[in-house]
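Here's the structure, in structure tokens; my notes come after.
The values are calculated or read from the model by the stated rules, or taken from the named source; none is laboratory data. No experiment lies behind these values; they were computed from the predicted model shown. Cβ placement follows ideal geometry from the backbone for every residue including glycine, while neighbour counts extend to all protein chains displayed. Please note that ligands, DNA and RNA were not included when accessible areas were found on the heavy atoms of the full protein model with its side chains. Shrake-Rupley method; radii C 1.70, N 1.55, O 1.52, S 1.80 Å.
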Amino acid sequence: CPADESNVDPIPWRADCSYTKADIKKYSRIADRVAKENKVHFVDLFSKLIKSNYIKKLDDGIHPNSKGHEEIFEIVKDCLIKNKIL
């Protein structure tokens, strides 16, 4: 999921660390590459959620609230159906 950098750059409980969209996007690309190398499905939540009003779906700047979890569920469900896993 993308982060609301205004709340987590830096992280309130650890001033020497941050969650940034750039870092999350980088890790998402790495996870996608590793998934392809291992022939497993990867659901790119970052790319899908960044297009939505994701900040309203975050509880503390990084963790999804109930609306965020609902959207993640729909994205994952659609992927499972598309790939005939469900």
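If ligands, DNA and RNA are left out, what is the accessible area of Lys57 with a 1.4 Å probe, given in Å² to the nearest 10?
In the full protein context, Lys57 sits at about 50 Å².
Can you give me the Rg/Rh ratio for segment 39-86, using Cα atoms for both radii and the Kirkwood formula for Rh?
Details: Rg = 11.7 Å, Rh = 11.4 Å.
Checking Rg against Rh, the ratio lands at 1.02.
Tell me, what is the per residue accessible area of the chain in Å², probe radius 1.4 Å? Could you put the intermediate results ahead of the total?
On the way: 6220 Å² over 86 residues.
For the chain, the solvent-accessible area averages 72 Å² per residue.
Which stretch or stretches of segment 55-75 have amide N atoms under 18 Å from the point lying 7 Å from Ile85's Cα along the Cα→Cβ direction?
From segment 55-75, the list is 69-75.
Which pairs in the list Lys36/Lys77; Lys25/Lys56; Lys39/Lys67 are over 28 Å apart, alpha-carbon to alpha-carbon? Write out the running numbers ahead of the final one.
Details: Lys36/Lys77 20 Å; Lys25/Lys56 19 Å; Lys39/Lys67 31 Å.
Correct reply: Lys39/Lys67.
Volume per residue, Å³, of the convex hull around the alpha-carbon atoms of the chain? Don't jump to the answer; show the numbers that get you there.
Values: hull volume 8.6 nm³, N = 86.
Roughly 100 Å³ of hull volume per residue.
Using Cα pairs closer than 8 Å and at least 6 residues apart in sequence, work out the relative contact order for the chain, in percent.
30
With runs of 4+ DSSP H residues as the only contributors, calculate the mean residue ellipticity of the chain at 222 nm using -39,500 (n - 2.57) per run, divided by the residue total and rounded to the nearest 500. List each step's numbers first, then the result.
Values: 4 runs with 43 residues, N = 86.
Rounded to the nearest 500, the figure is -15000 deg cm²/dmol.
Using only the alpha-carbon atoms, how far is helix 21-37 inclined from the longest principal axis of the chain? Give it as 0 to 90 degrees, nearest 10.
Compared with the principal axis, the helix lies near 20 degrees.
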